[in-house]
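Worksheet: the structure to be examined is printed underneath.
The values are calculated or read from the model by the stated rules, or taken from the named source; none is laboratory data. Keep in mind it's a predicted model, so treat the numbers as computed, not measured. Positions of Cβ are backbone-derived with ideal geometry, glycine not excepted, and every protein chain shown enters the neighbour counts. All accessible areas refer to the heavy atoms of the entire protein, side chains included, with ligands and DNA or RNA removed. Shrake-Rupley method; radii C 1.70, N 1.55, O 1.52, S 1.80 Å.
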Amino acid sequence: MEEESDTRKINNSFLREHNYATEADIISTVEFNSSGELLATGDKGGRVVVFQREQESKSQPQRRGEYNVYSTFQSHEPEFDYLKSLEIEEKINKIKWLPQQNAAYFLLSTNDKTVKLWKISERDKRPEGYNLKDDDGRIRDPSTITSLRVPVLQPMDLMVEATARRVFSNAHMYHINSISVNSDYQTYISTDDLRVNLWNLEITDRSFNIVDIKPANMEELTEVITSAEFHPQQCHTFAYSSSKGSIRLCDMREAALCDKHCKYFEEPEDPSTRSFFSEIISSISDVKFSHNGRYLMTRDYLTVKVWDLQMENKPLETYQVHDYLRGKLCSLYENDCIFDKFECVWNGSDSVIMTGSYNNFFRMFDRNTKRDVTLEASRENSKPRAILKPRKVCVSGKRRKDEISVDSLDFSKKILHTTWHPHENIIAVAATNNLYIFQDKVN
C-alpha cells in the first residue's frame with residue numbers, strides 16, 4: 001500500500017454512527033457476503049445488523065458504495081446451562097454467509113454454544129381474497145360462503161424478514177470460536193477450544209467430531225484450538241491454529257477423525273528473544289486461506305505471517321503490526337490487552353492484507369511493494385468523503401508534529417474485527433460500537 005499515492009485514495013464513504021453507551025452494542029464480528037452487496041455485523045447483545053449497498057443512480061453516481069441498514073434481528077438470547085450452572089452469553093462470535101442460490105440470503109451466526117442458519121428475504125406482495133378467512137384473518141362460517149374466490153397478490157410496502165431456518169445446538173462443551181462454510185456448500189465446521197465438528201446444513205441433530213485434542217487428563221492440556229477454516233477450493237482440506245503458534249492442515253479423506261495432520265506449520269522460536277510472554281504473544285488469533293488457496297495467513301499478537309502451503313518450516317512473509325509494543329508487554333499483560341484476539345483479512349486479489357491495532361489504528365501491508373501504512377478509524381476523520389491520512393507512532397526520541405507517542409496510545413480503543421469487499425477496494429472496520437466503511441477515492 002503506497003504511502004504517498006495509494007493511501008490518499010482511501011476515503012471514508014460512510015459511517016453508521018450511534019451514540020451507544022452499553023456493552024451490548026459493541027460489535028463482535030463483521031462479514032461481507034460473496035458479492036459484497038451485503039455486510040453483516042454481530043454484537044455482544046446477540047443482534048445481527050445487515051447493511052445493503054445502495055444501487056447506482058444516474059442522478060447521483062457518487063452515492064454508489066454507501067451501505068444502509070437493510071435488516072436488524074435478534075439472533076441469540078442469553079441462556080442458562082442448569083447442569084453446569086453457567087450463563088451462556090448472547091454475543092455473536094462469528095457470522096458466515098452462504099452463497100446466494102435464489103432471491104433470499106442465508107447466513108450462519110454463532111454464539112458460544114449454538115449455531116443458527118438465518119434466511120433473510122423480501123416481501124412486497126400479500127395474498128388477499130381467501131375463501132375461509134376474511135380480510136382480518138378471522139375464520140368465516142362455511143355456511144355463509146356462497147361463491148368461490150381466487151386469492152390474488154396485492155402490492156405492499158417492502159418488508160425484509162429474517163427467519164431462523166435451522167438451529168445447530170448441543171454439540172460443543174467449550175466456547176465456539178469460529179465457523180467456516182465448506183466449498184461444497186453442503187457442510188460447515190464449528191470449532192471450540194478442543195474440538196472441530198462437521199455439520200451438514202440440512203441436519204441439526206447430528207454432527208461429526210473430526211478433530212479432538214482433549215487429553216484424557218485435563219491437567220495435561222498444553223494448547224487449545226483458536227481458529228479453523230476450510231480451504232476455498234478443496235472441500236476435503238481444512239486448517240486449524242493453536243495457542244502455541246502452530247497451524248495444522250488436515251485432509252478429511254485420510255480418516256474420519258483427523259487427529260493426524262498432513263502438514264504442520266510452525267516457526268522455530270529464537271532462544272535469544274524468549275521471555276515470560278513468548279507463549280502468550282505467539283498464540284494465533286486468526287487463520288485465513290488466500291482466495292486462490294495457495295497461502296495461509298495467521299495473526300498473532302505482534303505480527304501477521306503468510307505461509308506457503310508447500311513450505312512448512314517457516315513463513316514466507318512476516319509483517320510487524322505494532323512492534324513498538326514489544327517493550328510494553330508487562331503493562332499489556334496487567335491490563336489483559338495481551339489476550340486480545342485480532343483478526344486479519346486478504347483483499348480480493350490476495351495482494352494486500354489488513355489487520356487491526358490499538359488507538360483505533362488499522363494496518364495495511366502491500367505484499368508486492370512491501371510498503372505498509374497505518375490508518376485511523378475515528379470520529380475526527382469520519383466525515384463522508386474525508387480522506388484518511390497515514391499515521392505514525394513515535395517510539396523514542398523527539399516526536400514530530402504528525403506523530404503520536406507510543407505512551408499516549410489508547411488501549412481501550414482497538415480494532416479487532418475487519419473485513420474486505422471480495423472484489424473492490426471497500427473495507428469495513430469495527431471500532432468498539434462504531435462501524436466504519438472506507439473505499440477507494442471515487443473520482
task: Taking the residues in the range 336-366 that are part of a loop (DSSP other than H, G, I, E, B), of a type outside the set (S, T, Y) and open to solvent by less than 20 Å² (accessible area, probe 1.4 Å) as candidates, determine which candidate is nearest to K94 (Cα to Cα).
output: E343
task: Please specify each residue of the range 237-248 satisfying the condition of being closer than 24 Å to P422 by Cα, in contact with a Cys (Cβ under 9 Å, 6 or more places away or on another chain) and not β-branched (V, I, T).
output: F238, A239, Y240
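Within the range 285-313, track down each residue that is open to solvent by 20 Å² or more (accessible area, probe 1.4 Å) and part of a strand (DSSP E or B).
Here is the first cut: in the range 285-313, the residues open to solvent by 20 Å² or more (accessible area, probe 1.4 Å) are 285, 288, 291-292, 294-295, 305, 310-313.
Of everything in the range 285-313, those that are open to solvent by 20 Å² or more (accessible area, probe 1.4 Å) and part of a strand (DSSP E or B) turn out to be K288, Y295, K305.
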- request: Could you tell me whether H231 is surrounded by fewer than 18 Cβ atoms within 10 Å (Cβ to Cβ) and more than 18 Å from Y174 (Cβ to Cβ)?
  value: no
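For residues that are part of a loop (DSSP other than H, G, I, E, B) and not acidic (D, E), tally how many sit in the range 98-114.
First, the residues of the range 98-114 that are part of a loop (DSSP other than H, G, I, E, B): 98-104, 111-114.
Keeping just the survivors that are not acidic (D, E) gives 98-104, 111, 113-114.
Here the count works out to 10.
Determine whether the range 115-122 contains at least one residue that is assigned to a strand (DSSP E or B), open to solvent by 30 Å² or more (accessible area, probe 1.4 Å) and out of contact with any Phe, Trp or Tyr (no Cβ under 8 Å at 6 or more places or on another chain).
So in the range 115-122, the residues assigned to a strand (DSSP E or B) come out as 115-122.
Subset that is open to solvent by 30 Å² or more (accessible area, probe 1.4 Å): 116, 119, 122.
Checking the rest, the ones that are also out of contact with any Phe, Trp or Tyr (no Cβ under 8 Å at 6 or more places or on another chain) come to 122.
Yes, there is a match, as at least one residue in the range 115-122 is assigned to a strand (DSSP E or B), open to solvent by 30 Å² or more (accessible area, probe 1.4 Å) and out of contact with any Phe, Trp or Tyr (no Cβ under 8 Å at 6 or more places or on another chain).
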query: So which residues in the range 250-284 are touching a residue at least 24 places away in the same chain (Cβ under 8 Å), more than 30 Å from L325 (Cβ to Cβ) and open to solvent by less than 70 Å² (accessible area, probe 1.4 Å), if there are any at all?
result: C250, M252, C258, K263
- prompt: Do we find a residue being farther than 21 Å from M354 by Cβ, assigned to a strand (DSSP E or B), at pLDDT 95 or above and not polar (S, T, N, Q) anywhere in the range 22-39?
  reply: no
- line: Exactly one of K413, K401, K392 is more than 26 Å from E334 (Cα to Cα) and open to solvent by 70 Å² or more (accessible area, probe 1.4 Å), and that residue is K401
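Residues I203, I189: which one is hydrophobic (A, V, I, L, M, F, W, C), without any contact (Cβ under 8 Å) to a residue 24 or more places away in the chain and either within 25 Å of A104 (Cβ to Cβ) or open to solvent by less than 70 Å² (accessible area, probe 1.4 Å) (or both)? Quick ask: steps written out before the conclusion?
On the way: I189 fails: without any contact (Cβ under 8 Å) to a residue 24 or more places away in the chain.
Among I203, I189, only I203 is hydrophobic (A, V, I, L, M, F, W, C), without any contact (Cβ under 8 Å) to a residue 24 or more places away in the chain and either within 25 Å of A104 (Cβ to Cβ) or open to solvent by less than 70 Å² (accessible area, probe 1.4 Å) (or both).
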message: Going residue by residue through the range 132-155, is there one that turns out to be in contact with a strand residue (DSSP E or B) (Cβ under 7 Å, 6 or more places away or on another chain), in contact (Cβ under 8 Å) with a residue 12 or more places away in the chain, open to solvent by 90 Å² or more (accessible area, probe 1.4 Å) and part of a strand (DSSP E or B)?
response: yes
message: M218 - would you say it is over 24 Å from V304 (Cβ atoms), open to solvent by 10 Å² or more (accessible area, probe 1.4 Å) and free of Cβ contacts under 8 Å to residues at least 24 places away in the same chain?
response: yes
